[in-house]
Amino acid sequence: MFTHLPQTIDEFNHWSWQQTAPFYADLQERPLTPDTIHQWLLDWSRLADLLSERAARLRVATTQDTNDKTAEAAMNHFLDEIFPHAQKAQNVLQNRLLASNLEPEGMAIPLRNMRADAELFTEENIPLISEQMKRGQVYNRIIGSQSVPWQGEEVTLTQLAAKLEDPDRNLRERGWRLAANRRLQDREALNALWAELVPQRHQIAQNAGFSDFRAYTWQQKKRFDYTPEDAATFHQAIADVVVPAASRVYERYRQKLGVDTLRPWDMKADVYLYALPALRPFTNTDELAQTSATIFRQVDPVLGNYFDIMCQENLLDMPNRKGKAPGAYCTNYPASERPFIFMNSTGTGSDIRTLFHEAGHAFHNFERNKLPYQPQKGSPMEFNEVASMAMELLTVPYITTNGEGGFAESFFTQKDADSWFVTHLEKIILFWPYMAVVDAFQHWAYLHIDEAVIAANCDAKWQELWQMYVPQIDFSGFEDMLVTGWHRKQHIFRAPFYYIEYGLAQLGALQIWRNAMQDQAKAVEDYRRALAQGGTQTLPALYQTANVQFAYDHDMVDQMVALVETEIAKRLR
């Protein structure tokens, strides 16, 4: 039977559900015994990988051009005609495997995850989940269409932000006001979208037997190793330790600018510092990719080869353009055993950090795609982000050029490298309070549905949390922009509760960097060993394999902030 399954994604992309269904039927009817389980899992994995890659490629197309009606129609067709049937069929096979009581080697944790999914599954939720995905496309379209006239040309807000990385404060203010006014034009549209999303998410939770969406999400995201109360502990550690450290960063920046108070046009993406003067260490995305490839080969030859494959096979979409969805991501094409990187490069130093981050995800996908069974490849997001954030740090020894060999040697002189890395380390500190705002906002929203569905209440809660965690920036006179900050965080709309993972993983990544200061080669070896485990280990065990600790208490936060501040002080001398 499975010899007739397409061997390439190009053919499978055109298959209907009627063509696909017999393969699920075969897996349902085939004997499942200790002797047959291996081939049964391989066949199921091949089928699931094809479906997963088809969905991923459709999502990529809708983000590459949010105005592409053909891409949107193809995605919606998949969500309406393929996804619901596939979800039901996957659930049937999961239940069959669980009922067999068979546990092949390396499947203990994936089976635990399947049990959690089986408890969540209800057919009532399939159309609701499909609709949530479609609403995510609406958010992308709204944000991707935001552009303004600037110096004689129409530019996206992402492109404008790059142009505002300029010492001229008047220019920054003028550009910031222009962008703010454009964003506020979509205020009502985003409020209306939110008012659709929140009740639907609450209904999804109730259909699955949960009292609220937070409890549902905790299980859906397989958060077996920490609780909502632990998240609150992490928030408090950030308030106690990181907010004062962030104040020191902001004060140093205020003095550098020579201003009385920091205003929103002094900040990038609401909370981060402009690198002034701006570093523009590459001229185009080809140069960004080639220079990064040289660096990855120095980090590890195998990782360098992975990135070379991505360049050769056109698995990178890096330039920003009008209509392109915001942000950056790495997705996986598991049937082809390839990752894909999407980002919005505008030629600044921060693009290097973004590419290093997404490449870390790509390397993780290359490694875990080698595992035989599809359920083994799903590792926890709290570790997936270690893969990406650690790569931002493991590349640092190689970002400085020695002045020989042309642009492909590396990105920076030593002076510029110090400046770039200090900005990166400062961003780590400034991220944690912002993360706490985003995460705490969602804890509130999904426990107070009746309040949160009203946008004015969301504005008030965001302002309350902002003043608690990010009190250093003066928004006076621009309160509308302050209180609608939640509109500018796409995760709140498109990936609810997916944000604390970044904060937790940053603690793990910094520990890997601390290990690398002692022995770079050993740290990279441990890192790659952990990536290769995929989802076959618990979250704490994955951290342990990388030779770090999964911890988020006051002591761990204090240690990592001290590590970062020490390095900043050294490079500022």
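The values are calculated or read from the model by the stated rules, or taken from the named source; none is laboratory data. Nothing here was measured: the structure is a model prediction, and the numbers come from that model. Cβ coordinates were reconstructed from backbone atoms using ideal geometry, including for glycine residues, and neighbour counts include every protein chain displayed. With ligands, DNA and RNA removed, areas are computed over all heavy atoms of the protein, side chains included. Shrake-Rupley method; radii C 1.70, N 1.55, O 1.52, S 1.80 Å.
Observations
- Calculated from backbone phi, Karplus (6.51, -1.76, 1.60) coupling profile of the range 211-222 in Hz, x at Gly/Pro: 6, 8, 5, 5, 4, 4, 5, 4, 6, 4, 8, 6
- MRE, 222 nm, helices only [DSSP H, n ≥ 4, -39500 (n - 2.57), over the chain, to nearest 500]: -20500 deg cm²/dmol
- FRET E, pair S476, A239, Förster distance 25 Å, beta-carbon r, rounded to 0.05: 0.60
- Normalised by the number of residues in the range 399-558, the mean separation of alpha-carbon contacts (under 8 Å, six or more apart) gives a relative contact order of 16 percent.
- Among (1) 74, 73, 56; (2) 74, 55, 49; (3) 127, 59, 47, the entry derived from the coordinates for Cα extents along the principal axes in Å: (2)
- Loop-located trypsin sites (Lys or Arg not before Pro) in the range 303-410, at most 14 other Cβ atoms within 10 Å (DSSP): R321, K370
- If a spin label sat at a point 7 angstrom from the Cα of V92 along the line to its beta carbon, the backbone N atoms of the range 115-134 nearer than 17 Å would be those of 118, 121-124, 126.
- Available extension along the chain between N76 and K415 is 117.0 nm, counting 0.36 nm per residue and deducting the alpha carbon span.
- Solvent-accessible area, 1.4 Å probe, carbon plus sulfur percent, for the range 442-554: 47 percent
- N305-A521 pseudo-label distance in nm [points 7 Å out on the Cα-to-Cβ vector]: 1.8 nm
- For the range 288-402, the fraction of 1.4 Å probe accessible surface lying on carbon and sulfur atoms is 48 percent.
- Under the simplified labelling scheme, the Q28-A460 pair shows an inter-label distance of 5.1 nm, with each label point 7 Å from Cα along Cα→Cβ.
- Förster radius 60 Å - calculated FRET efficiency between A108 and K570, Cβ distance, rounded to 0.05: 0.85
- Kirkwood estimate for the range 227-316, i.e. one over the average of 1/r between Cα atoms, Å: 17.1 Å
- Shape analysis of the range 127-282 places it in the oblate category; the axes a ≥ b ≥ c from the Cα gyration tensor give an a/c of at least 1.5, with a/b not above b/c.
- Tensor-based shape of the range 370-453 (alpha-carbon gyration tensor, a/c under 1.5 rounded, otherwise prolate or oblate): oblate
- With R₀ set to 35 Å, the beta-carbon distance separating L171 from A195 gives a calculated FRET efficiency near 0.40.
- Computed from backbone phi, the HN-Hα couplings of the range 479-490 come to 4, 4, 6, 5, 6, 9, x, 5, 5, 8, 10, 4 Hz, rounded to whole numbers (Karplus: 6.51 cos²θ - 1.76 cosθ + 1.60, θ = phi - 60°; Gly and Pro given as x).
- In order along the range 322-336, the phi-based Karplus estimate (6.51 cos²θ - 1.76 cosθ + 1.60, θ = phi - 60°) of 3J(HN,Hα) comes to 5, x, 7, 4, x, x, 8, 7, 10, 10, 10, 10, x, 5, 8 Hz; Gly and Pro are listed as x.
- Available extension along the chain between H491 and T227 is 93.0 nm, counting 0.36 nm per residue and deducting the alpha carbon span.
- For the chain, the solvent-accessible area with a 1.4 angstrom probe is 39 square angstrom per residue.
- Inter-site label distance for N181 and A99 at 7 Å from Cα along Cβ, in nm: 6.5 nm
- Shape of the range 173-251, Cα gyration tensor, a/c cut at 1.5: oblate
- To put it simply, the accessible area of the range 173-285 at a 1.4 Å probe is 47 percent carbon and sulfur.
- Pairwise centroid distance, computed over Cα atoms, of the range 338-363 with the range 298-332, Å: 6 Å
- Compared with the dominant Cα axis of the chain, that is its longest principal axis, helix 301-312 is turned about 90°.
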